[in-house]
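Contents: one structure, followed by commentary.
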Amino acid sequence: MSRAKNNVAARRRRNKILKAARGNYGGRSKLYRTAKETVQRGWAYAYKHRRLRKRDFRSLWIIRINAGCRLHGLSYSVFMDRLKKADIKLDRKMLADIAATDPEGFKALVESVNPI
């Protein structure tokens, strides 16, 4: 008689995939093979988009800083260059927040690096 091996672990592995596939349509949530394909594809997209989200936020911050700079007659690249030369160490996230929520503070920041 043949021996059943790895029964508990195999069932747990399958149930983990089926649990992750909940909410999908039809067999994608009920049949192991199609559920596994769907879940693996979803995990791949999740991995990829965790990295893309960082790029998206950086570009959003740059757009906000540029909009704030243009109101004061500067371009983004000139502003960032002058910040670096003035040794002002603020990251883009903070600069974008200041530009969007505190226009007076951003104006003071622009005036501190703009020699006009």
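For a test of the definition: using alpha carbon positions, the gyration tensor, and the 1.5 limit on a/c, classify region 1-83 as rounded, prolate or oblate.
Prolate.
Against the longest principal axis of the chain, how steep is helix 92-101, in degrees 0 to 90 to the nearest 10, with axes from Cα atoms?
For helix 92-101, the angle is close to 70 degrees.
Student exercise: in region 7-113, how many lysine pairs 8 or more apart or on different chains have Cα atoms under 21 Å apart?
13
Which of the chymotrypsin sites (Phe, Trp or Tyr not before Pro) across region 1-93 are loop residues per DSSP, with 16 or fewer other Cβ within 10 Å?
Hits after loop and neighbour filter: Tyr25.
With axes computed from alpha carbons, what is the tilt in degrees of helix 76-85 against the longest principal axis of the chain, rounded to the nearest 10 within 0 to 90?
It is inclined by approximately 80 degrees.
May I ask for the angle, rounded to the nearest 10°, between helix 32-70 and the longest principal axis of the chain, with both axes built from Cα atoms and the value confined to 0 to 90°?
On a 0 to 90 degree scale, this one is about 0.
Calculate, in nm to one decimal, what Asp56 and Ser77 gain on full extension: separation in residues at 0.36 nm each, minus their alpha carbon distance.
Difference between extended and current length: 5.7 nm.
Grab the DSSP H runs of the chain that are 4 residues or longer, score each as -39,500 (n - 2.57), total them, divide by all residues and round the 222 nm result to the nearest 500 deg cm²/dmol.
My calculation for the chain gives -24500 deg cm²/dmol from helical runs alone.
Just so you know, all these numbers are worked out from the coordinates, no wet-lab data involved. In this text, all values refer to a predicted model and were calculated from it rather than measured experimentally. Cβ atoms come from the backbone with ideal geometry, glycine included; neighbour counts cover every protein chain shown.
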